[in-house]
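The values are calculated or read from the model by the stated rules, or taken from the named source; none is laboratory data. Quantities reported herein were computed from a predicted structural model and do not represent experimental measurements. Cβ coordinates were reconstructed from backbone atoms using ideal geometry, including for glycine residues, and neighbour counts include every protein chain displayed. Please note that ligands, DNA and RNA were not included when accessible areas were found on the heavy atoms of the full protein model with its side chains. Shrake-Rupley method; radii C 1.70, N 1.55, O 1.52, S 1.80 Å.
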Amino acid sequence: MKYNIVNEIKLIYTRKGNTEKEVINSQDAADIFREHFDADQIDYREAFYSMYMNQANKVLGIQKISESGITSSLVDIRIIMQGALLCNAVSFIIAHNHPSGNLAPSREDINITQKIKEAAQLLNINLLDHCIITSMDSFSFADEGIL
């Protein structure tokens, strides 16, 4: 069989909705993320989100990257970076919850954050923070000097 057609890929960018929420600090980010976590699940199962921002730190959108089990969540870095590219993000913040209530980052949390940061740097997009969320509190990698 002979193929003489190459599929064309079209990207369409639309800004429906608003970009009124601005992230000034880690508490702003945690508060915005907490609005998107399922309140009934935040202390039950782990989920991972990415929040994309423009040059003025206005939120372009939030994407759920994964939702998994009680003690871990699979994170595909390509999905995070695809979201950043598709919405023309200049920067982004990632977050996940710890159902245990323990805010301390695990070795896996630190490792995946470093890998995401390296991928973002290749694309000239800034990873500003990684927040760990519980129903009551939050932890910021940036505030603690880990990022």
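Please say if the stretch 31-98 is rounded, prolate or oblate, where rounded means a/c under 1.5 for a ≥ b ≥ c the square roots of the C-alpha gyration tensor eigenvalues, and otherwise the choice is prolate for a/b larger than b/c and oblate otherwise? It comes out oblate by the Cα gyration axes.
Placing unit charges on C-beta atoms (Lys and Arg positive, Asp and Glu negative, everything else neutral), compute the dipole magnitude of the stretch 72-147 about its Cα centre in debye, rounded to 20.
Working: 4 positive and 8 negative charges, 50 e Å.
So the magnitude is around 240 debye.
Along the axis of the charge dipole computed for the chain (Cβ charges of +1 for Lys and Arg, -1 for Asp and Glu, origin at the Cα centre), the listed residues Asn57, Leu103, Ser135 are led at the positive end by Asn57.
Among DSSP beta bridges lying fully in the chain, give the percent that are antiparallel, nearest 5.
Details: 17 of 24 bridges.
Around 70 percent antiparallel, to the nearest 5.
With Cβ to Cβ distances under 13 Å as the rule, what net charge do the other residues near His130 carry (K, R +1; D, E -1)? Walk me through the numbers on the way to the answer.
Values: positive: Lys115, Lys117; negative: Glu108, Asp109, Asp129, Asp143, Glu144.
Computed value for this residue: -3.
When only Cα pairs below 8 angstrom with a gap of at least 6 residues are kept, the stretch 46-147 shows a relative contact order of 26 percent. Computed from Cα positions, the angle between helix 26-36 and the longest principal axis of the chain comes to roughly 70 degrees. Averaged over residues, the count of other Cβ atoms within 10 Å places the peptides 39-50, 115-126 in the sequence 39-50, 115-126, highest first.
Summarise the accessible area of the chain (1.4 Å probe, protein heavy atoms) by the percent that is carbon and sulfur. Present the calculation step by step, with values, prior to reporting the outcome.
Numbers: 4490 of 9220 Å².
Of all accessible area on the chain, carbon and sulfur atoms account for 49 percent.
With an a/c value of 1.5 or above and a/b larger than b/c for the gyration tensor axes a ≥ b ≥ c computed over the alpha-carbon atoms, the chain is described as prolate.
So, counting K/R as plus one and D/E as minus one, what does the shell of residues with Cβ under 13 Å around Asp38 add up to?
Working: positive: Arg34, Arg45, Lys64; negative: Glu35, Asp40, Asp43, Glu46, Glu67.
So the surrounding residues net to -2.
Using the crude model of +1 on Lys and Arg Cβ and -1 on Asp and Glu Cβ, and no other charge, please compute the dipole size for the stretch 42-87 relative to its Cα centre, in debye to 20. Intermediate results must be reported in sequence, preceding the final value.
On the way: 4 positive and 4 negative charges, 39 e Å.
With Lys and Arg at +1 and Asp and Glu at -1, about 180 debye.
Does the stretch 76-147 come out rounded, prolate or oblate by the C-alpha gyration tensor, with a ≥ b ≥ c the root eigenvalues, rounded set by a/c under 1.5 and, if not, prolate when a/b is larger than b/c and oblate if not? Taking the square roots of the gyration eigenvalues as a ≥ b ≥ c, the stretch 76-147 is prolate.
For the chain, the solvent-accessible area of protein heavy atoms averages 63 Å² per residue (probe radius 1.4 Å; ligands and nucleic acids excluded).
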